[in-house]
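Q: Let me begin by handing over the structure; questions about it come next.
Just so you know, all these numbers are worked out from the coordinates, no wet-lab data involved. Because the structure is predicted, anything quoted here is derived from the model rather than measured. So basically every Cβ, Gly included, is an ideal-geometry build from the backbone, and we count neighbours across all protein chains shown.
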Amino acid sequence: RIIKKKKKKRERKKENKNPPLLFNLAELQNECSRLFKLSPDETLKIVQELYEKKLVTYPRTDARVLSTAVAKEIYKNLSGLGNYEHGSAFAREILAGTAYKEIAKTRYVNDKQITDHYAIIPTGQGLSALNGISLTAQRVYETIVRRFLCIFYPPAVYQKVNLVTVMEKEHFFSSFR
């Protein structure tokens, strides 16, 4: 059997992807459903518990950004997270840099997008209460912390490749990062 020669055409592009916006309640419920298979009611119950223990800010919000007033005091949240086992190294690295001082000039701060309350973020306080909550609640808290910390990092840079392979008269398309 004779196999005809393959032809390939490649296209490469460098792309940037910014960190996602912060959590509002609906976005947190979607993420917890995806990651932990929690229902929206279960997520609300957990995040309400985290709020009552002063671990996170007010959960019933539709905003995904911070206010300028909160942005000016953000170092307090970061300093507190320096004592959080799963985020301390990142919080210290962020505080060692200057990105947190410029956060007010980014897409993560916008007073016009806030109706009553700003996005759900960790307070950096009450970390001793983490020992008294369920493992699932601890994971939800970690999810909120990760989303918060990532806004202080630069965009991810990756190579996007589109590949067209032609065999005989058939075209096969592939794309990957």
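Q: In the structure displayed, which of Lys17/Lys54; Lys17/Lys101; Lys37/Lys112 lie more than 24 Å apart, Cα to Cα?
A: Lys17/Lys54; Lys37/Lys112
Q: Please compute the net charge surrounding Glu27, taking Lys and Arg as +1 and Asp and Glu as -1 over other residues with Cβ under 12 Å from its Cβ.
A: It works out to a net charge of +1.
Q: On full extension of the chain, what length is gained from Met167 through Glu102, given 0.36 nm per residue of separation minus the C-alpha to C-alpha distance?
A: That pair, Met167 and Glu102, stretches by 18.2 nm at full extension.
Q: Follow-up question, since we're still on this one. Explain nothing, just the number: dipole magnitude of region 106-163 about its Cα centre with +1 on each Lys and Arg Cβ and -1 on each Asp and Glu Cβ, in debye rounded to the nearest 20.
A: That gives region 106-163 a dipole magnitude of about 240 debye.
Q: Pick from Ile133, Ile120, Ile46: which residue has the top mean-square fluctuation in a GNM of the chain where Cα pairs under 10 Å get a spring?
A: Per the Cα network of the chain with a 10 Å cutoff, Ile133 tops the list.
Q: Could I ask something else about it? As an exercise, use a Förster radius of 30 Å and the Cβ-Cβ distance of Ser79 and Gln113 to find the FRET efficiency, rounded to the nearest 0.05.
A: Rounded to the nearest 0.05, the efficiency is 0.70.
Q: Still on this model: Apply the a/c threshold of 1.5 to the C-alpha gyration tensor of region 12-102 and tell me whether it is rounded, prolate or oblate.
A: oblate
Q: Moving to a separate point now. Can you tell me how much longer the chain between Arg92 and Gln159 gets when fully stretched, taken as 0.36 nm per residue apart minus their C-alpha distance, in nm with one decimal?
A: 21.2 nm
Q: Hey, another quick one. So for the chain, taking the charge dipole from beta-carbon charges (+1 Lys/Arg, -1 Asp/Glu), which of Ala71, Ala156, Val140 sits furthest toward the positive end?
A: Ala156
Q: Report the local net charge at Ser128: Lys and Arg +1, Asp and Glu -1, summed over other residues whose C-beta lies under 14 Å from its C-beta.
A: +1
Q: Test of the criteria: in region 71-158, which trypsin sites (Lys or Arg not before Pro) are in a DSSP loop and have at most 15 other Cβ atoms within 10 angstrom of their Cβ?
A: Counting only loop positions with at most 15 other Cβ atoms within 10 Å, the trypsin sites (Lys or Arg not before Pro) in region 71-158 are Arg107.
Q: Let me know the shape class of the chain, please: from the alpha-carbon gyration tensor, a ≥ b ≥ c as square roots of the eigenvalues, rounded when a/c is under 1.5, otherwise prolate if a/b is greater than b/c, or oblate.
A: Cα axes put the chain in the prolate bin.
Q: Here's another thing I want to ask about it. Might you report the magnitude of the Cβ-based charge dipole of the chain about its Cα centre, with Lys and Arg at +1 and Asp and Glu at -1, to the nearest 20 debye?
A: Magnitude of the dipole: close to 1740 debye.
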